[in-house]
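Participant: Take a look at this one; I'll ask things after.
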Amino acid sequence: MERTLSIVKPDGVSKRLIGEVIKRFEGSGLKVIGLKMIWIDKKEAEGFYAVHRGKPFFESLTVFMSSGPSVVMVLEGDGVISKTRELMGATDPKKAAEGTLRRQFAADIEHNIVHGSDAPETAAFEIRYFFNALEMFEY
Ligand code: UDP
Ligand code: MG
């Protein structure tokens, strides 16, 4: 069964959107198999977003991601990667489809409240980055 990593980013947590994000994922038939609140530090944010190192937004993004607690979760389901990306909407909330999480709640392209892996390989890397085998559950 396909898995993905999602994060309610620090802006989403401070806007009290943890429940809203989970409600949309679960409401779409996806299963939360791992879940925790963590405060990602600067170095951890840099490692997580290593593919974006060198881009103009990298420094600002990693400062933002370490600015407060996040909720990280592992989701499982058929087509879970594309389903979560669809529910999130485009990176830039101005370009995100009506009714998506980012369109509805994000402030701007950086502060876009939620993360979701974009492919099976990145999902595997991202899940391992935050979760060990004992923190994910079959039910
Ligand atoms: N980001 C940004 N400026 C940009 C592009 C991305 O601040 O021009 C931030 C934004 O928070 C985004 C994250 O960097 O969610 C990762 O970028 P990516 O292109 O992977 O977007 P995502 O997969 O999150 O939609
Ligand atoms: Mg991405």
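Bear in mind these aren't lab numbers, they're just calculated from the coordinates by the rules spelled out. Computed from a predicted model, the values in this text were never measured in an experiment. Heads up, the Cβs are rebuilt from the backbone with ideal geometry, glycines too, and the neighbour counts pull from every protein chain shown.
Participant: What 222 nm value per residue comes from the helices of the chain, counting each DSSP H run with n ≥ 4 as -39,500 (n - 2.57) and dividing by all residues, nearest 500 deg cm²/dmol?
Facilitator: Details: 7 runs with 55 residues, N = 139.
Helices in the chain give a 222 nm mean residue ellipticity of -10500 deg cm²/dmol.
Participant: Add +1 for every Lys or Arg and -1 for every Asp or Glu among the other residues with Cβ under 13 Å from the Cβ of MET88, and state the total. Walk me through the numbers on the way to the answer.
Facilitator: Working: positive: LYS9, ARG24, LYS83, ARG85, LYS95, ARG102, ARG103; negative: GLU20, GLU86, ASP92, ASP118.
Here the count lands on +3.
Participant: Now for a different question. Against the 2.2 N^0.38 Å scaling, with N counting residues, where does the stretch 1-56 land? I'd like the Cα-based Rg ratio to two decimal places. Intermediate values should be presented prior to the final figure.
Facilitator: Numbers: Rg = 13.6 Å, N = 56, 2.2 N^0.38 = 10.2 Å.
Normalised by 2.2 N^0.38 Å, the Cα Rg of the stretch 1-56 equals 1.34.
Participant: Give the shape of the stretch 87-139 as rounded, prolate or oblate, defined through the alpha-carbon gyration tensor: a ≥ b ≥ c are the square roots of its eigenvalues, a/c under 1.5 means rounded, and otherwise the shape is prolate if a/b is larger than b/c and oblate if not.
Facilitator: Working: a/c = 2.70, a/b = 2.34, b/c = 1.15.
Prolate, because a/c is 1.5 or more and a/b exceeds b/c.
Participant: Count of lysine pairs in the chain with Cα atoms under 20 Å apart, counting only pairs 8 or more residues apart in sequence or on different chains?
Facilitator: Eligible lysine pairs with Cα atoms under 20 Å apart amount to 20.
Participant: Related question: Label the stretch 22-86 by shape, choosing from rounded, prolate and oblate, from the square roots a ≥ b ≥ c of the eigenvalues of the Cα gyration tensor; if a/c is under 1.5 it is rounded, and otherwise prolate applies when a/b is larger than b/c, oblate when it is not. Walk me through the intermediate numbers first.
Facilitator: On the way: a/c = 2.80, a/b = 1.81, b/c = 1.54.
Prolate is the answer for the stretch 22-86, as a/c is 1.5 or above and a/b outweighs b/c.
Participant: Starting from the coordinates of the alpha-carbon atoms of the stretch 69-115, obtain the Kirkwood hydrodynamic radius over all distinct pairs and give the value in Å to one decimal. Can you show the working numbers first?
Facilitator: Details: mean 1/r = 0.0906 Å⁻¹.
For the stretch 69-115, the Kirkwood estimate is 11.0 Å.
Participant: Arrange the peptides 53-59, 106-112 so that the one whose residues have, on average, the most other Cβ atoms within 10 Å appears first. Intermediate values should be presented prior to the final figure.
Facilitator: Working: 53-59: 10.9, 106-112: 17.4.
Sorting 53-59, 106-112 by mean packing, highest first, produces 106-112, 53-59.
Participant: Same structure again: Once phi is turned into ³J(HN,Hα) by the Karplus curve 6.51 cos²θ - 1.76 cosθ + 1.60 with θ = phi - 60°, what whole-Hz value does each residue of the stretch 22-28 show in order, with x for glycine and proline?
Facilitator: Working through the residues one at a time gives 5, 4, 5, 5, 5, x, 9 Hz.
Participant: Calculate the tail of P(r) for the chain: the fraction of all Cα-Cα distances greater than 26 Å, expressed in %. Intermediate values should be presented prior to the final figure.
Facilitator: Working: 1394 of 9591 pairs.
Value for the chain: 15 percent of Cα pairs lie more than 26 Å apart.
Participant: A further question on this structure: So what is the relative contact order of the stretch 1-132, in percent, for Cα pairs below 8 Å that sit 6 or more residues apart? Mind showing how you got there, number by number?
Facilitator: Values: 224 pairs, mean separation 50.0, N = 132.
Answer for the stretch 1-132 is 38 percent.
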